[in-house]
Amino acid sequence: MRGSDDYSKAVSNHYKQLMEYCKINQERLDRELPPPREDLNDLLAERGVSRRDFIKWTSVMTSLLMLPPMFRPALATAAENFSRLPIAWLHFAECTGCTEAFLRTSYPNVADIVLETISLEYHETVMAAAGHQAEQNLEKCMADFKKKFVCVIEGALPRGLNGQYLRLGPKGKTAIQIAKEVTRSAAATVCIGACACYGNIQAAKPNPTDAAGISKVLGISTVNIAGCPPNAVNFVGTLLHYLMFGGMPPLDSIGRPIWAYGQRIHDVCERRSHYDAGEFVEEWGDDGAKKGWCLYNVGCKGPYTFANCGKVRFNDSVSWPVMSGHGCIGCTEPGFWDTMAPLEKPIHEASIGGGERTVDNIGLVLTGLTAAGVAAHAVASAIRHKGKDEEEKHD
Amino acid sequence: MEIRPVKEWSAAIMINHWAMALSIFVLIVTGFYIADPYTIYQGETVDKFFVGNMRYVHILFGIFLLFIFIWRLYLAFFSKFHADWKDFFAWLDFECTWDQIKFYLLIKKDPPEHCALYGPMQSLAYSGLFFMIFVILVTGLILMGAGYHAGMTAFLYKIFKPVENMLGGLAIVRYVHHIFTWLFILFIIVHVYMAFWYDAILKEGTVSSMISGVLFEKEGK
Ligand code: HEM
Ligand code: HEM
Ligand code: SF4
Ligand code: SF4
């Protein structure tokens, strides 16, 4: 749109205003937030990340957040301020896999190092405190940083037996009680992983504990960093946005940040040209698999899944599932264990009530029955209405 | 006994009918290929675009069907020849519907007197079919909107996004779309059979009526 002056003027005006807004917010946060716990620059130097690499990373993050380059310095400030944002990290019905995935990257990139500086006022997996002491830490965080700390939740909430499937802490409160109390005094609630977002495997059929995601159980709106596990970049980026603009980024209709979950896997997939060409892997390890063809026929759920895995990839951007030869299983979508099954076949091959009863087989049987019924009706009609013409002639 | 030709369908209805039948036929064939694509082994990737073309044809005829359907609804309310929207509720006359069922089940030899354009069971079937078309249009437009983010598609996707969330994601939307494809197949078998059956039993030229617009009524009956 270079040609249109009005348009480019409007765009640059918009970003100028946004920049003002960003400055005001960063100044406000500077006043309100506690001093940094760790110096990011020291930590980066310690890990052998050069200043140049850090600048490169801030450029990438700025563009990932769909901002123009002028926001890069603001984003760098936000990254340096990362350790100043007080966070209470709660664990409910889950496997702690998301925390593990965030903490145990073997080649931590800048995002992971930034994440390491996170100021965890309370985190059940990594804190030293236990019992009443831990409980006090949480209460102190809620009192000291009322409406200023961010509540991060990992895990679903079981609703069965009045929530008694999950009791936590020295006072034996139910998970639902704790979640209610903490989210009420938090500035924002961020759900990490499919469990907290939509219930995940705990909520899959038959869901014995009647588990569900945070926003559904508490009736509050949450920022959903979906995935099993989600990408650390999506979490860090969302908090950086918060540290720049004082609010969460725009969300889609089920709470996922649009900058990360706005596009379908299928639409930015590197195997897409093979899909359009009609070149499919039909069996694991066949010729098509060796040539990197599309994984639709071995169950890729990319066409139904909104996420940026193909763009940001995992493990320091080394690879992602489709790149390494297995289809996407749709882990960022609500209820994916039920809706995406079977994971290694296309969706319409799901069995209805077990065995070979797929929609297509049921459809074929019904078609056969209908055809047979129609044929029988034709024969019966021929007998019943026989001689009708003669009768009418005599009328 | 005299046989008198009666104009039954306007040209618009006939064109609409066959356009709809053609679209549905094309959509079923291309739809099943999209659901279960087989691999094209010959040739280089750069020269191939088979799935791409199939999707193109499917979406093209899908949009045709959208406009044909809107046109049909328009005719139902504003047709100059015969605005027939009331006729779709003929089945609400339960006594007549029961007699019609007996006629179909070959218990009664003659059909009941129809006061509407359609027989009662026919009206029920077509109401159901219109519902099916509506569902497959909405699910189809959602599947389309998920991949294109501009123009009418994006606008309609915004409107229908709550439907996607309500159903539980694109995967379910696609599954519903697939199930309804089978309902269309079942409809077509019964529908075409009934057209021929009416022709054979009542001898009023039902099959040709959709081509010529003329039904032959027997007088003095
Ligand atoms: C031998 C072939 C066929 C004959 C003789 C035939 C005849 C008829 C007749 C007489 C009607 C009632 C008129 C009307 O309601 O407009 C009708 C309605 C209809 N037919 Fe067919 N048909 C045939 C094939 C098909 C096929 C293959 C389809 C595709 C699915 C189809 C779709 C419809 C629809 C959607 C309606 C009702 C809606 C409407 O009123 O426009 N027909 N058909
Ligand atoms: C009678 C009408 C229709 C039939 C029988 C039909 C059938 C099908 C079938 C069987 C599939 C594959 C589903 C699967 O993977 O299990 C499909 C996909 C699809 N259909 Fe339809 N469809 C119809 C109408 C429409 C309409 C009206 C639209 C849009 C305006 C539409 C758009 C689509 C799209 C976008 C897809 C997904 C293709 C992709 O994402 O690659 N369809 N359809
Ligand atoms: S591998 Fe999956 S996401 Fe990629 S083009 Fe094929 S179906 Fe789509
Ligand atoms: S590729 Fe699909 S299944 Fe894998 S992490 Fe991404 S969204 Fe989840």
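Rule-based calculations on the coordinates, nothing more; no lab input. Small disclaimer: the values here were computed from a predicted structure and weren't measured. Quick reminder, even Gly has a Cβ in these numbers, built from the backbone with ideal geometry, and neighbours come from all protein chains shown.
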Taking the condition more than 16 Å from ligand 3 (Cβ to nearest atom), more than 22 Å from A:Thr174 (Cβ to Cβ) and without any contact (Cβ under 8 Å) to a residue 60 or more places away in the chain, does A:Asn297 pass? no
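Could you list, in sequence order, all residues of the stretch A:280-337 that are small (Gly, Ala, Ser) and in a helix (DSSP H, G or I)?
Quick first cut of the stretch A:280-337, residues small (Gly, Ala, Ser) only: A:285, A:288-289, A:292, A:299, A:302, A:307, A:310, A:317, A:319, A:324-325, A:327, A:330, A:335.
Selection gives A:Gly288, A:Ala289, A:Gly302, A:Gly310, A:Ser324.
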When you check A:Gly310 against the structure, is it crowded, with 17+ Cβ neighbours inside 10 Å and touching a residue at least 12 places away in the same chain (Cβ under 8 Å), yes or no? yes
Filtering the stretch A:207-255 down to residues that are under 10 Å from the mean Cα position of the chain (by Cα) and part of a helix (DSSP H, G or I), which residue is nearest to the other protein chains (Cβ to nearest Cβ)? A:Asn234
Which of the residues belonging to the stretch B:1-49 are part of a loop (DSSP other than H, G, I, E, B), facing chain A (nearest Cβ under 8 Å) and small (Gly, Ala, Ser)? none
Might you let me know whether the stretch A:30-39 holds any residue that is surrounded by 12 or more Cβ atoms within 10 Å (Cβ to Cβ), of a type in the set (Lys, Arg) and at negative phi? yes
When restricted to B:Phe61, B:Phe67, the only residue more than 14 Å from every other protein chain (Cβ to nearest Cβ), surrounded by fewer than 17 Cβ atoms within 10 Å (Cβ to Cβ) and more than 16 Å from ligand 4 (Cβ to nearest atom) is B:Phe67
Hand me the list of helices (runs of 4 or more DSSP H) wholly inside the stretch A:1-93 holding 1 or more residues that are farther than 16 Å from A:Val110 by Cα and acidic (Asp, Glu). A:5-32
So which residues in the stretch A:263-277 are near ligand 3 (Cβ under 6 Å from one of its atoms) and not in a helix (DSSP H, G or I), if there are any at all? A:Cys269, A:Arg271
Checking the conditions here, which among B:Leu106, B:Leu92 is at positive phi and either surrounded by fewer than 16 Cβ atoms within 10 Å (Cβ to Cβ) or touching a strand residue (DSSP E or B) at 6+ places or on another chain (Cβ under 7 Å) (or both)? B:Leu106
Selected residue (criterion: surrounded by the most Cβ atoms within 10 Å (Cβ to Cβ)) from residues of the stretch A:256-286 that are free of Cβ contacts under 8 Å to residues at least 40 places away in the same chain and away from chain B (no Cβ under 13 Å): A:Pro257
